[in-house]
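To start, the structure under review is shown below, and the notes come after it.
The values are calculated or read from the model by the stated rules, or taken from the named source; none is laboratory data. Since this is a predicted model, take the numbers as computed values, not measurements. SASA here: full protein model, heavy atoms, side chains in, ligands and nucleic acids out. Shrake-Rupley method; radii C 1.70, N 1.55, O 1.52, S 1.80 Å.
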Amino acid sequence: MAVPGREQDDYWGDSFTATSDLDDFFDENSTTSWKGSGDSGAPLADWSRRVKPAKLKSVNHPVEPRCHDSSDGSLRDSILDNITTNLSGPETNLSSVGLSRGVGRSLGSLGEKLHDWKPPSVKKWSNAGGAVDRCSNCSTLEQEVALLSNQLQASFSRSNVALAVPATVHAMCTGQPYSLHCYRSLQEKQELVAAALRAAHTQTLVAVLVFCRNTLSRQLFMQELERSPVAAQSYVCFLKQRRQYSDAVEVLQALGRQEEAALLRYRQCLSISDHAKKVSALSSLTSSSLTSPHLAHYRTIINDHVDLLERQKIIDDQDAKNTSSPLFVEYPRASRVYGTPLLTTLYYCSMYHWNDGRGTATAACPSSFRQTYRLTDRQYLWAVVRGRARVKHFYLPEQLPSLLSTRSGGMLGSLSGALSAVSSSLAGSTRPLLPPDRLLDALASAAAPAAVLAAYLAQVEPKELRLRLAQHYDVTTAVVEVLVALKDRAALQQYMDTRLPPGSADYLKADAALKSGRWK
């Protein structure tokens with residue numbers, strides 16, 4: 001039995017397989033004679049005469065991929081396979097083999113590397129039958145390739161094989177991975193929309209609708225929205241949240257919801273900062289989207305808004321040049337009036353332009369607002385009373401009807417004020433034109449005198465509410481009067497002792513009431 005170590009030494013010590021000879025074999029400039037032999041011992045080739053090949057034309061030889069492994073045995077077999085050849089016939093010219101110049105130098109010490117590996121048994125360069133040995137690790141690599149191929153196919157199937165529609169919708173609702181691209185037919189997409197509606201999950205429904213929008217024609221997609229108002233509303237809300245107002249307007253118009261489309265366009269117009277462009281957009285809106293008879297009310301409102309913007313622009317330009325006025329010095333403007341609501345503009349004009357327009361209507365005249373924009377009595381009085389109170393000009397309850405008659409600038413306003421006064425006298429009491437509790441809060445914020453607050457508290461009913469408001473705003477006169485009216489002697493005595501300074505008018509009034517015999 002041959003000793004493995006001795007067999008290796010004999011093999012590598014042979015004249016044909018010595019390390020130095022192998023290095024010379026790969027060196028094309030070497031003149032060393034080298035002969036290879038098969039297993040039978042028959043010589044395969046004799047390269048004792050090595051002629052330097054002539055310069056060859058560049059020929060692209062296809063290189064077959066070979067398996068390389070980190071193990072010593074497989075790499076050895078791969079190298080041997082690369083240099084194995086079955087030479088039949090006499091000498092073979094190197095130019096026919098196509099060996100590139102400098103291969104020997106690039107491989108260099110290949111013989112030394114083979115000497116370091118020292119495999120236990122090495123076959124000669126060729127088998128007896130001339131067949132090249134197959135890589136020992138190829139079967140393992142083929143198994144790995146097959147395994148990876150199966151895994152890739154399974155992953156592709158999970159993403160592209162159409163699952164049941166309820167399963168996909170459930171995955172969408174629960175945040176699991178899903179794919180909608182496997183649903184290609186119109187019927188499958190309709191089933192997706194129906195399943196999303198049944199799930200009552202807005203995000204899932206919107207995701208399905210966006211998928212249908214991207215994969216269906218516009219006509220088919222609009223038909224789906226027409227079939228389901230809930231889906232249409234969810235999709236429109238989605239477009240509004242993303243500020244895609246133009247797309248939302250198109251969808252609403254296609255669905256026949258002209259009123260909502262017009263209001264959405266109106267919202268777009270209001271977002272324009274430039275005055276000229278905003279007015280032009282609003283005018284275009286009234287002439288294009290509000291031509292239907294049932295939208296005439298909106299057309300009137302938008303026309304009034306355009307007129308208000310023009311008026312506000314004129315007021316701002318005039319007041320910007322009038323900053324030296326004593327009223328503007330004492331009460332500086334907080335901001336521009338342009339773009340503010342109608343009642344805010346009337347409040348502003350009641351502060352700074354109350355005396356404008358005597359005899360002629362100007363842009364800032366408060367009475368012109370009531371006529372032009374058809375304000376009610378309460379709307380007009382609420383803005384005017386608060387605006388005048390801001391500049392310390394207060395009106396008593398009985399003076400409010402005169403504001404409607406004297407500042408209206410016409411017979412209609414005078415008639416309205418007269419009718420209000422007549423109705424109040426017939427009723428036997430002064431009916432408040434404005435809610436007293438709201439008006440009291442506004443007057444108290446403007447630091448109105450106690451006499452003015454007491455006059456408005458006298459209009460509050462019932463007396464228990466009047467007492468709470470009088471105590472809240474600390475109107476002592478009203479508190480004494482209410483306690484006397486309620487005939488609550490103990491409460492009046494306690495209030496006089498704790499809240500009223502001795503010798504004051506209210507103290508004397510309360511003391512006189514206590515000495516009288518009109519109590520419970």
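Some observations on this one:
- His201 accessible area, assembled protein chains, probe 1.4 Å, Å²: 60
- Remark: accessible surface ordering of Lys321, Lys313 (largest first) is Lys321, Lys313, probe radius 1.4 Å.
- Region 227-300: relative contact order as a whole-number percent, Cα under 8 Å and 6+ apart: 19
- Fully extended contour minus Cα-Cα distance, from Gln371 to Lys487, at 0.36 nm per residue: 37.0 nm
- Annotation: per residue accessible area for region 187-237 equals 51 Å², rounded to a whole number [probe 1.4 Å, protein chains only].
- Taking every C-alpha pair closer than 8 Å and separated by at least 6 residues, the mean separation divided by the residue count of region 264-358 gives a relative contact order of 20 percent.
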